[in-house]
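**Q** Just passing along the structure, written as structure tokens.
Values in this text are rule-based calculations from the coordinates and carry no lab data. Keep in mind that this is a model prediction, so the values were computed, not measured. Heads up, the Cβs are rebuilt from the backbone with ideal geometry, glycines too, and the neighbour counts pull from every protein chain shown.
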Amino acid sequence: MATNGGYRRRIEFMDDATDAEGKHLRNEIAEVAVEADEQARHARKLALFWNAAYLSLGLPTALLAAVSGATGLASDQARIPAALLALISAALTATSTFLRCDIRAIGNNMHKSAWRVLEADAHLAAAQYAYSNSELMKSALEELLRKRRAIFAGQLEVALQISPTGLGATPLDVQGTNPDSPPESIRSGNFGPYL
């Protein structure tokens, strides 16, 4: 996928489709790729924001807690400033716990990955099926839209799955996939493949 100034190139076809249905299907596949790129960029920005918020709340909290403990132990006159530092540290800890910035950053990274997979699938569908018959393009577009719906519904494991039959496979074609249950790696807290 070629980039130009940081933006991915839009899918372009070498010839015009002979029928209106084929042209429409081509355009829809191209639009899925554009939307997936935009959504992935947005999810990346959100992940960066939540990661920065996590660090911005976590680091001062740890430093204030350490300073307040050292100040409180230093002398009797320093107990009031130490208590104020401890209160500020507790407020930052409560804010961090309430916002769950780390979980939001991980979730947005997972969404970014899902959107990038969808974008790559759209480019693959355009390359494989754009010059075939309308039925193959329709099947590929249906699969892309199914994955798009899964991403919006938060079923990222469905969107990230690699179907054994290629584009056009339905969720029932994949053995052991339950769209209502997260995969074992997420249940166990291992987000490695999704980051």
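**Q** Quick check: pseudo-label points 7 Å beyond the Cα along Cα→Cβ at GLU135 and GLU38, how many nm apart are they?
**A** 3.4 nm
**Q** Continuing with the same structure: I'd like the distance separating the alpha-carbon centroids of segment 20-53 and segment 95-114, in whole Å.
**A** If we compute the Cα centre of each part, the gap is 19 Å.
**Q** Same structure again: Multiply the residue gap between ALA127 and THR93 by 0.36 nm, knock off their C-alpha separation, and tell me the result in nm, one decimal place.
**A** Full-extension gain reported as 7.2 nm.
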